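Each reported figure results from applying straightforward, stated rules to the coordinates on display, with no laboratory input. Note that the structure is a prediction, hence the values are computed from the model and not measured. Here the Cβ is made from the backbone with ideal geometry for all residues, glycine too, and neighbour counts use every protein chain on show.
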Amino acid sequence: MATIESVHLELKEQLGAAAALVTYTMRGSLQDVQQQTRYAELVQLVGDDVGPGEDGQNELIPNGELSFAESLAFASSAPVTRVRLLALPSKSVDEDPSGPFHTPQEEDEIRARVTLTRILSTVVAQSNLVRRGGVIPGNSDPTPV
């Protein structure tokens, strides 16, 4: 099974826009390399609400997700380092929105979560072709059978 190490998040904000830079390292196991196991890669920003005065519910940040069309297979057991940039509105990273007890000085706690999901093999088969309607050869009556 692949491993993910050293996940690091940097967040910069300016003029109502936020940029989240997520850096991490992945490594495939010997079995992953030998079998060319494929993985889907997902990066998510999560609001952390487990501290004192928080609601205890960690929630995904709106617009804070990156998934990738291409899947990943490890060519060797050497580490693979990724640097991913996610651009989103600053209001999306306000994970403790205003409320009766919220003050502007209140901090927002955000983490990056990286997930590798093993892609199981998919087998697809098709049936014979069936034609519907039209004229059936050898039948002068165009009425469907």
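For residue 58, the residues whose modelled amide H falls within less than 5 Å of its own, excluding neighbours fewer than 5 places apart on the same chain, are 49. Couplings 3J(HN,Hα) for region 25-39, derived from phi with the Karplus relation 6.51 cos²θ - 1.76 cosθ + 1.60 (θ = phi - 60°), are 10, 10, 9, x, 6, 4, 5, 4, 5, 5, 8, 6, 4, 9, 10 Hz, where x marks Gly and Pro. Amide H contacts of residue 2 (H built 1.01 Å from N, in plane; Pro and chain starts excluded): 29 sit under 5 Å, all sequence-distant by 5 or more or on other chains. Here the spin labels are modelled as points 7 Å beyond Cα on the Cα-Cβ line, and at residue 66 and residue 23 they lie 1.3 nm apart.
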